[in-house]
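Student: Quick one: structure below, then a few questions.
The values are calculated or read from the model by the stated rules, or taken from the named source; none is laboratory data. Source: prediction; values computed, not measured. Positions of Cβ are backbone-derived with ideal geometry, glycine not excepted, and every protein chain shown enters the neighbour counts.
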Amino acid sequence: MKYVLMFTSQPELDAAVDPDRAQAVYKEVYEWFGTHADAISDSGAELHPVTTATTVRHDDGGPLVVDGPFNEAKEVIGGFTVVDVADMDAAVAITKTWPMLQLPGCSVEIRPMVEDYSHMEG
């Protein structure tokens, strides 16, 4: 089954990390992708900072475009990848080894991907 791993962090905590420590952990991220290459079905992407975001949301007058994210959470999504593993337990096991979890405010949201749309036919 495929799972999307969404890598999140808190920008204010990211800014407080010593640059040498951040660089060392980022090196481990590259190694992590190599270690888990057999389970990764889509390497996903790293996203530009949240300050570059634009959001389109519903408004009473129709779609409204606003600068920045429209997420009320402190966390922002910094990137994602897709893994293809047996079950949620396997997805959790891989995710627990994500190097950025060593840093404060970092987390990974795991969601099963919808792959079968046959229920929508007919």
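Student: So which residues in the stretch 87-104 are outside any helix (DSSP H, G or I) and closer than 16 Å to residue 4 by Cβ?
Tutor: Listed by number, the residues that qualify are 87, 98.
Student: Listed residues 31, 115; which is in a loop (DSSP other than H, G, I, E, B) and charged (D, E, K, R)? Walk me through how you get there before you give the answer.
Tutor: Details: 31 fails: in a loop (DSSP other than H, G, I, E, B).
Matching residue, one of 31, 115: 115.
Each row is one residue, and each column tells you yes or no for (1) of a type in the set (Phe, Trp, Tyr); (2) under 13 Å from the mean Cα position of the chain (by Cα).
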residue	(1), (2)
32	yes, no
43	no, yes
55	no, no
63	no, no
67	no, no
82	no, yes
86	no, no
109	no, yes
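Student: Then there is this: Residue by residue through the stretch 7-25, note down the ones that are loosely packed, with under 14 Cβ neighbours inside 10 Å and either under 15 Å from the mean Cα position of the chain (by Cα) or among the charged types (D, E, K, R) (or both).
Tutor: Scanning the stretch 7-25 gives 12, 18, 20, 21.
Student: Does residue 78 count as within 17 Å of residue 13 (Cα to Cα), of a type in the set (Gly, Ala, Ser) and in a strand (DSSP E or B)?
Tutor: Working: within 17 Å of residue 13 (Cα to Cα): yes; of a type in the set (Gly, Ala, Ser): yes; in a strand (DSSP E or B): yes.
Yes; evaluated as a whole, the condition is true for this residue.
Student: In the list 4, 29, 76, which residue meets the criterion of being farther than 30 Å from residue 116 by Cα, in contact with a Pro (Cβ under 9 Å, 6 or more places away or on another chain) and surrounded by 14 or more Cβ atoms within 10 Å (Cβ to Cβ)?
Tutor: 29
Student: Where the second residue is aromatic (Phe, Trp, Tyr) and the first is at pLDDT 85 or above and lies in the stretch 45-64, which pairs have Cβ atoms under 7 Å and are six or more apart or on separate chains?
Tutor: From the stretch 45-64, the pairs are 45/80.
Student: Does residue 86 meet the test of being surrounded by 14 or more Cβ atoms within 10 Å (Cβ to Cβ), at pLDDT 80 or above and out of contact with any Leu (no Cβ under 6 Å at 6 or more places or on another chain)?
Tutor: No.
Student: Could you grab the pairs with beta carbons closer than 9 Å, sequence gap of 6+ or different chains, first residue in the stretch 99-114 and without any contact (Cβ under 8 Å) to a residue 40 or more places away in the chain, second one crowded, with 16+ Cβ neighbours inside 10 Å?
Tutor: Sorted first by the residue in the stretch 99-114, then by its partner, the pairs are 101/95; 101/108.
Student: Can you confirm whether residue 66 is outside any strand (DSSP E or B) and over 30 Å from residue 115 (Cβ atoms)?
Tutor: No: the conditions fail for residue 66.
Student: Can you find even one residue in the stretch 106-120 that is within 30 Å of residue 18 (Cα to Cα) and surrounded by fewer than 13 Cβ atoms within 10 Å (Cβ to Cβ)?
Tutor: no
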